[in-house]
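Quick notes on the structure that follows.
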Amino acid sequence: MTLLETLGIDLPIIQAPMAGVATPAMAAAVSNAGALGSLGLAGTTAEGARRMIAAVRERSRRSLHVNVFCYAPPGRDEQRETAWLERLRPHFERHGAMPPSVLNDHYRTFLTDEAMLRALLEEQPRVVSFHLGLPSAERIRALRDRGIVLLASATNVADACAAEQAGMHAVVAQGYEAGGHRGVFDPDAEDSRLGTLALTRLLVRRLSVPVIAAGGIMDGAGIAAALRLGASAAQLGTAFIACPESDADRGYREALASDAAHHTVITRAISGRPARCLRNRFTQLGAHLSPQQVPPYPIAYDAAKALNAAAKAAHETGYGSQWAGQGAPLARVLPAAELVATLARELQQA
Ligand SMILES: Cc1cc2nc3c(=O)[nH]c(=O)nc-3n(C[C@H](O)[C@H](O)[C@H](O)COP(=O)(O)O)c2cc1C
């Protein structure tokens, strides 16, 4: 069986699951156009996930891919969190606000989220993927036993081999170019920063399951290049941010269309984990910090969301989590279905 048959799609194109950006309308439009539409559930409760999945199913009967984050629950360090809030204080004050007195852990890692596991087992999306790590063998077995296709992002060969051994049906080779959170399993290990080209080739040579290339792929020529390297499909995130179906706000869309798109930066200052973002006020404040200064994911994210809300209330949009990959200047403002049709046409021409 080919990967496309396993995923139940016609085109070797996956719209990346993007928490906070990909919507049910986007996923449905992409799936109906023959590619794989996806939802990022990382910022959502199990109930929210069920609602999002239902909203896709109202619009599409085709394959759906949903994604959860698998990170170790964060260690709390009061001293570090207080110091972090003090560092952010002038940025809050500049916008007439005060930093929160404490930081909260609003998100749940899939590693321990029983309600989310139940929701996935009951809703049975065709594809479930994992980012930032892998769940337990029991969870993987339970999902596989329901016939759900499993994927995991990997940024290096060791993580990819672990994903294959754990029972993934395919592995997403996420290169350093990629927008959003880097899928590194251990955020404190030295990052080998492999680009999409080298990583895809390394994984194609090493793994026996199919490889999906991700990072900096923006058009049919990029997808064709990934396929030539031996990838079975390409996963594109940044290419879909400017679609009208996306949840990106006005500031994010304007930044994506600006010079900032030429200067994406990896920062952990926003969420607590390394992620690629358009250069903005937040990436600038995060420059030259040591990883130890920033609270871990998702504790730091709580501060970032409060600061972004305060700044936006004062009409400053430069503190958003404006994730984007190195191909950002190539993003097109097209409805998702039209973008998929354009990518398919370009791929054929390439
Ligand atoms: C706005 C945005 C949000 C993202 N959110 C997620 C996510 O929730 N889960 C996930 O596995 N990957 C996420 N990613 C990473 C993508 O899966 C993929 O690796 C990346 O988009 C590929 O690089 P590209 O953006 O250059 O296409 C996100 C990427 C972007 C741009």
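Things worth noting here:
- Accessible surface of the stretch 235-348, 1.4 Å probe, proportion on carbon and sulfur as whole %: 51
- Rel. contact order, % - alpha carbon contacts under 8 angstrom, at least six apart, the stretch 166-296: 22
- Across the chain, C-alpha contacts under 8 Å between residues 6 or more apart give a mean separation that, scaled by the residue count, equals a relative contact order of 19 percent.
- Lys/Arg +1, Asp/Glu -1 at C-beta; the chain dipole; positive extreme among 318, 335, 248: 335
- Given charges at beta-carbon only (K, R positive; D, E negative), |dipole| of the chain in Debye: 360
- The sum of -39500 (n - 2.57) across all DSSP H runs of n ≥ 4, divided by the residue count of the chain, sets its helix-only mean residue ellipticity at 222 nm to -11500 deg cm²/dmol.
- Normalised by 2.2 N^0.38 Å, with N the number of residues, the alpha-carbon radius of gyration of the stretch 123-249 equals 1.05.
- Around the amide H of residue 64, modelled in the peptide plane, lie the amide H atoms of 126, 127, all under 5 Å away and 5 or more residues distant in sequence or on another chain.
- Cα shape, the stretch 51-91, gyration tensor, a/c 1.5 rule: prolate
- Gained length - residue 338 relative to residue 101, 0.36 nm times residue gap less alpha-carbon distance: 80.7 nm
- Surface composition of the stretch 158-203: carbon and sulfur make up 52 percent of the accessible area, probe 1.4 Å.
- For the peptides 182-195, 109-122, the ranking by mean Cβ contacts within 10 Å, running from highest to lowest, is 109-122, 182-195.
- Surface accessible to a 1.4 Å probe, per residue, for the residues of the stretch 83-209, Å²: 46
- Database remark: amide H of residue 36 closer than 5 angstrom to the amide H of 13, 14, 15 (H placed geometrically; neighbours at sequence offset of 5 or more, or on other chains; Pro and chain starts carry no H).
- Charge dipole (debye, nearest 20) of the stretch 215-325; +1 at Cβ of Lys and Arg, -1 at Cβ of Asp and Glu: 280
- Across the stretch 116-123, coupling constants 3J(HN,Hα) worked out from phi with the 6.51/-1.76/1.60 Karplus curve, θ = phi - 60°, read 5, 4, 4, 4, 5, 5, 7, 6 Hz, and Gly and Pro carry x.
- Close amide H pairs (under 5 Å, H built 1.01 Å from N) link residue 180 with 276, 324, residues at least 5 positions away or on another chain.
- Tilt relative to the chain, helix 196-206 - C-alpha long axis, 0 to 90 degrees, to 10: 50
The values are calculated or read from the model by the stated rules, or taken from the named source; none is laboratory data. Worth saying up front: this structure is predicted, and the values here are computed from it rather than measured. Note: ideal-geometry Cβ built from the backbone for every residue, glycine included; neighbour counts use all protein chains shown. Accessible surface areas use protein heavy atoms only, side chains included; no ligands, DNA or RNA. Shrake-Rupley method; radii C 1.70, N 1.55, O 1.52, S 1.80 Å.
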